[in-house]
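Where a number appears in this text, it was derived from the coordinates with a stated rule and is not lab data. Because the structure is a prediction, the values reported are computed rather than measured. Neighbour counts run over all protein chains shown; Cβ positions are idealised from the backbone, glycine included.
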Amino acid sequence: MNFFLETFKVIGLFVYYLLESLVFLVVPRRKKNVSGEIVLITGAGNGVGRLLSLKFASLGATVVLWDINQEGLKETSRLARENGAVRVHSYICDCSKRQDVYRVADQVKKEVGDVSILVNNAGIVTGKRFIDSPDSLVEKTMEVNIMAHFWTCKAFLPAMIASNHGHLVSIASSAGLTGVNRLSDYCASKFAAVGFAESIDFEMRDLGRAGVKTTIVCPYVINTGM
């Protein structure tokens, strides 16, 4: 009986969100005001992470930048200030290491405050056939592209739940929607990122935390470094 109830629930939600999407095609959503929000972006030292940092800075957000590239962080911080950022904080953090994520997260909470928008952007790609991919690179791909999402959400989501205010953004990939040649480990990590973010969204709804939003971004080919 529970199986049928769950099935009807899933079908009902599918129809609801489909109709909601059709409505928003005609009536645009009101744009989110991020002024004053504390926005943490992983992989902010270059590429998409840098572009996101500059955009949030121009919109009046406090930006918290994470990367393993110190020089890249310095340059992003400089550009963010030029774009009008009042508060810019940068931290060296290896997102592939759980304890490093937790350590730097605690530092951010003490020095900046509770993160209200978390953008999991850091990612790597090997671009090799699966059989030619060294085990160490396969593990690193999973650690950076999905395991880091677990650890950052574990660190910052509780405060969002407590205040019923926050936003989790997952920079996934179109490779998280379909398989791609020479990207087996990358696709697996991005499929996981999509599934994780969708599941967290359902958990927030089940908890009655409608103020905690999730966004999944699945870009195609992007002309930036990783």
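The LEU19 and GLN70 beta-carbon pair, evaluated with R₀ = 41 Å, returns a calculated FRET efficiency of approximately 0.25.
Springs between Cα atoms under 10 Å define the GNM used for the chain, and in it the highest mean-square fluctuation of GLY45, GLY211, GLY60 occurs at GLY211. Report, by chain and number, residues whose modeled amide H sits under 5 Å from the one on LYS213, excluding near sequence neighbours (fewer than 5 apart, same chain). Answer set, sorted by chain and number: GLY166, HIS167, LEU168. Calculated FRET efficiency, ARG30 to ASN223, Cβ-Cβ distance, R0 = 30 Å: about 0.45 to the nearest 0.05. In terms of its C-alpha gyration tensor, region 1-49 has a prolate overall shape, because the principal axis ratio a/c (a ≥ b ≥ c, square roots of the eigenvalues) is not below 1.5 and a/b outweighs b/c. Modelled spin-label separation between LEU5 and VAL180, with each label point placed 7 Å from Cα along the Cα-to-Cβ direction: 4.2 nm.
Taking the number of Cβ atoms within 10 Å of each Cβ as an exposure proxy, the fewest-first ranking of THR126, THR215, THR62 is THR215, THR126, THR62. Here the Gaussian network model covers the chain, with springs between Cα atoms less than 10 Å apart; of MET204, MET160, MET147, MET204 fluctuates the most.
State the extension gain, in nm to one decimal, for the chain segment bounded by LEU79 and GLU139, taking 0.36 nm per residue of separation less the distance between their alpha-carbons. Mind showing how you got there, number by number?
Numbers: separation 60, 0.36 × 60 = 21.60 nm, distance 3.31 nm.
Extra length available between LEU79 and GLU139 comes to 18.3 nm.
With contacts defined as alpha carbon pairs under 8 Å and 6 or more residues apart, what's the relative contact order of the chain in percent?
Details: 379 pairs, mean separation 38.3, N = 226.
The value is 17 percent.
Distance from the alpha carbon centroid of region 148-206 to that of region 1-54 works out to 11 angstrom.
Does region 59-215 come out rounded, prolate or oblate by the C-alpha gyration tensor, with a ≥ b ≥ c the root eigenvalues, rounded set by a/c under 1.5 and, if not, prolate when a/b is larger than b/c and oblate if not? Present the calculation step by step, with values, prior to reporting the outcome.
Values: a/c = 1.92, a/b = 1.26, b/c = 1.52.
Oblate is the answer for region 59-215, as a/c is 1.5 or above yet b/c matches or exceeds a/b.
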